[in-house]
Amino acid sequence: MQNNFKDAKMQTSQAPHVDGTFELTFGIMFLLAATCFWGSFKLGSTHSFLGTNVLPFVTIAVFLSGGLGIDQLVKWFKKRFTLPRIDNLTIGNAGSFNRAAQIAIWIGIPVLTLVLMAVLYINKALIQNPTHDATSLLMPAFWGLLFSGLWFLVGRKIGLNRFNLMAVVSLAIGGALFFNGADGTLAMMILFGALGTALCISGGITMWQYLRNSGLRSEVIPEE
């Protein structure tokens, strides 16, 4: 009886996350943040009045307004396309992945992360800033560690291991940026861009599986 109650409670916690919209929301917002950091990096290096005094406020405005827009768009999509399908299947089936999806997430994302770490190491002379200070050098490592802890807590709370994978990716990329001497807006652009890409891959595959499972009855493999 107690095990049935725990299973029911866990399924209730997993319900908002079985369609991938949670990861897609954060993934797109992270990519938007990476774009803002790229703009700051390109224009801020000119040391003009625009880059120094105006651009930071423009970046904040774009990120906040874009984040609200993305949130509303995802909510609209969720309400129109994913929530109506929840009656067609159980939560357990909704969160199930076939073999190709399992491989794409659990092999594809780690491989892409390793490739990025190798690229950072090979090009560390190009991304290092000889005038960096301790604060700017520690910033990407701090955010990588922070995101790692947050994703680990989410994964532990709702019992979906793909969030633990995001925690490992966050920690690995933040550490790679630190040990290769990347700092400032360039490092933050790489961090948010990489995390946003990983989240979009995970969320996109999860969304595809959710729509597939709610439309077709086929053999699936529960997510480990």
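Data overview
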quantity	calculated
Enumeration of residues in region 121-171 that are part of a helix (DSSP H, G or I) and over 25 Å from PHE22 (Cα atoms)	TYR121, ILE122, LYS124, ALA125, LEU126, ILE127, ALA134, THR135, SER136, LEU137, LEU138, MET139
Checking THR82 against (1) closer than 19 Å to LEU199 by Cβ; (2) modelled with pLDDT of 75 or more, the condition it does not meet	(2)
Some residue of region 85-92 being outside any helix (DSSP H, G or I) and either modelled with pLDDT of 90 or more or not hydroxyl-bearing (Ser, Thr, Tyr) (or both)	yes
Verdict on ALA172 being of a type outside the set (S, T, N, Q) and either in contact with a Gly (Cβ under 7 Å, 6 or more places away or on another chain) or farther than 21 Å from GLY27 by Cβ (or both)	no
Number of positions in region 104-153 that are surrounded by 15 or more Cβ atoms within 10 Å (Cβ to Cβ), modelled with pLDDT of 90 or more and among the polar types (S, T, N, Q)	2
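The values are calculated or read from the model by the stated rules, or taken from the named source; none is laboratory data. The model shown is predicted, which means the values in this text are computed figures rather than measured ones. When we count neighbours, we look across all protein chains shown, and the Cβ atoms used for this are built from the backbone with ideal geometry, even at glycine.
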